[in-house]
Amino acid sequence: MSVEVEDETEAQAMPDVAVIGMSGRFPGADGVEAFWRNLREGVESITFFTGEELAAAGVPREEREHPDYVPAFGALE
């Protein structure tokens, strides 16, 4: 992580930070290591839905057919 500082005094006053652990839930990955591997390898982890799937899920037609609507979601298992 990089932080820009205005002057040397400000830089000296900033505490050191160490990341000692991470956890999370991510689409298409069962943990942090799998998440980073997917990012490195360009794995698409977003689920795209058809009009039929959206209709079955109850998404109104006006919403589904709006030009700015994106029929995608980062679904977790």
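The values are calculated or read from the model by the stated rules, or taken from the named source; none is laboratory data. It should be emphasised that the depicted structure is a prediction, and the values quoted were computed from it without experimental measurement. Cβ coordinates were reconstructed from backbone atoms using ideal geometry, including for glycine residues, and neighbour counts include every protein chain displayed. With ligands, DNA and RNA removed, areas are computed over all heavy atoms of the protein, side chains included. Shrake-Rupley method; radii C 1.70, N 1.55, O 1.52, S 1.80 Å.
Quick look at the values:
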item: For the range 24-69: Kirkwood Rh in Å [reciprocal of mean 1/r, alpha carbons]; result: 12.6 Å
item: Mean Cα-pair separation over length for the chain, i.e. relative contact order, pairs under 8 Å, 6 or more apart, %; result: 29 percent
item: Theoretical gain in end-to-end length, E41 to I20 [0.36 nm per residue, Cα-Cα removed]; result: 5.1 nm
item: Surface per residue (accessible, 1.4 Å probe) for the chain, Å²; result: 89 Å²
item: Percent accessible area from carbon and sulfur atoms, the chain, protein chains only, probe 1.4 Å; result: 53 percent
item: Over the chain: Kirkwood hydrodynamic radius from C-alpha pairwise inverse distances, Å; result: 16.6 Å
item: Label-point separation, F73 to E53 (7 Å along Cα→Cβ), nm; result: 1.0 nm
item: Using alpha-carbon coordinates, inclination of helix 32-41 to the longest axis of the chain, degrees; result: 80 degrees
